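This report refers to the structure that appears directly beneath it.
Taken together, the values in this text are just the output of simple stated rules run on the coordinates, not laboratory data. What you see is a predicted model; the values in this text were computed from it and never measured. Quick reminder, even Gly has a Cβ in these numbers, built from the backbone with ideal geometry, and neighbours come from all protein chains shown.
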Amino acid sequence: MPERISTVLERPRPPQSSRPGAIGLPLGLLKTARPRQWVKNVLVVAAPAAAGELFSRHAAVQLALVFALFTAAASAVYLINDARRRDADRAHPTKCRRPVAAGQVPVPVAYAVGGLLAVLAPAAAAVLCTPLTAALLAAYVCMQLAYCVSLKHVLVVDLTIVTTGFLMRAMIGGIALDIPLSRWFLITTGFGALFMVSAKRYSEAVQMSASSGKLGATRALLTEYTTGYLRFVWQLAAGVAVLAYCLWAMEAGGSTTSGSLLPWRQLSMTAFILAILRYAVFADRGTAGEPEDVVLRDRALAVIGLVWLAMYGLAVANW
């Protein structure tokens, strides 16, 4: 009898992901959609904010809608990507916990929901927004799926696609509201995104070198980049972003003769440059991971960002 009791007690319980339930599948789909990454889609307000077009009901409704549609499109890519990489993720020490790899979300369900979102997001944009908004959203989905399938393994192209994804986020809000996009805005946003993306890759390469290549399996393409090349890319991108922002701020005006108390737009150059320099500290150390993690982890960088936001807000409000 004691042996029988001990056998029952020692029998391992099935993993939580394998238990059927009404909550398990929806929660697994939500986790696969990466809610933590949705903060990146706040960039949809960048162009309207730069143009001072945030304070109308129509703008607020359109931007909320564009945010939701872009989030759905990005979630579609995550679902399809995880379904494709389920076997590789199962062999990874941390990615094996992803719902698709762990079996919480069946592969056919991930494909079906991802494909449905990939089709519905541009279709809804065509009906509720503008045709150009729908076209940009469809281009984003196609580009990201191509990245997941093969382009993530192509040197330089992988950096370009991730950077372009950030640039599309920044553009789509202005396109939805039919706001002309400044060339300096596009250059600043594009090279600012390239700066953060290449700094992240550089940090991963530095950590991979420190661990004697053990991280190569997580991003195989890193073994083909050199740390010197990635350092060159993020330094070049930082310089171009700063120059473009300064030209943008100077061209846009903001002198005291226009009715504002101080030339806030021009003064915001100081905060922008400080933010780039502060972020470069983490890039140089090889500790620049996800951009949102860097900003939230460093209080000084967060304060500089808030100061820049306040200065630019005052410039837009013409105070």
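In terms of packing, defined here as the mean over residues of other Cβ atoms within 10 angstrom, the peptides 31-43, 74-86 line up highest first as 74-86, 31-43. Relative contact order, whole percent, for the stretch 44-196 stands at 31, derived from Cα pairs under 8 Å and 6 or more residues apart.
Counting only residues at least eight positions apart within a chain, or on another chain, the aspartates and glutamates with an alpha carbon under 16 Å from that of LYS40 are GLU290, GLU292, ASP293. Within the listed set PHE282, PHE67, PHE166, the residue fluctuating most in the Gaussian network model of the chain (springs between alpha-carbon atoms under 10 angstrom) is PHE282.
Projected label points at ASN318 and TYR229, each 7 Å from Cα along the beta carbon direction, are separated by 5.0 nanometres.
The overall shape of the stretch 115-250, judged from the alpha-carbon gyration tensor, is oblate: a/c is not under 1.5, and a/b is no greater than b/c.
Rounded to whole numbers, the Karplus 3J(HN,Hα) couplings from phi for the stretch 141-158 are 4, 4, 5, 5, 5, 5, 5, 5, 6, 8, 5, 5, 9, 9, 4, 6, 4, 4 Hz, using 6.51 cos²θ - 1.76 cosθ + 1.60 with θ = phi - 60°, and x at Gly and Pro. Taking the centroid of alpha carbons for each part, the stretch 86-143 and the stretch 195-210 are 26 Å apart. Site pair ARG297 and HIS58 shows an inter-label distance of 4.4 nm when each label is modelled 7 Å from Cα along Cα→Cβ.
For the chain, what is the calculated [θ] at 222 nm in deg cm²/dmol (nearest 500), taking -39500 (n - 2.57) for each run of four or more DSSP H residues and dividing by its residue count?
It lands at -23500 deg cm²/dmol.
The HN-Hα couplings worked out from phi for the stretch 51-63 by the Karplus form 6.51 cos²θ - 1.76 cosθ + 1.60 (θ = phi - 60°) are 8, x, 10, 9, 9, 10, 5, 4, 5, 5, 5, 5, 5 Hz, whole numbers, x standing for Gly and Pro.
Please check: in the Gaussian network model of the chain (C-alpha springs, under 10 Å), which one of VAL295, VAL66, VAL44 has the largest mean-square fluctuation. Highest fluctuation among the options: VAL295. The relative contact order of the stretch 182-319 comes to 30 percent, based on Cα pairs under 8 Å that sit 6 or more residues apart.
Once divided by 2.2 N^0.38 Å, the Cα radius of gyration of the stretch 22-152 becomes 1.15.
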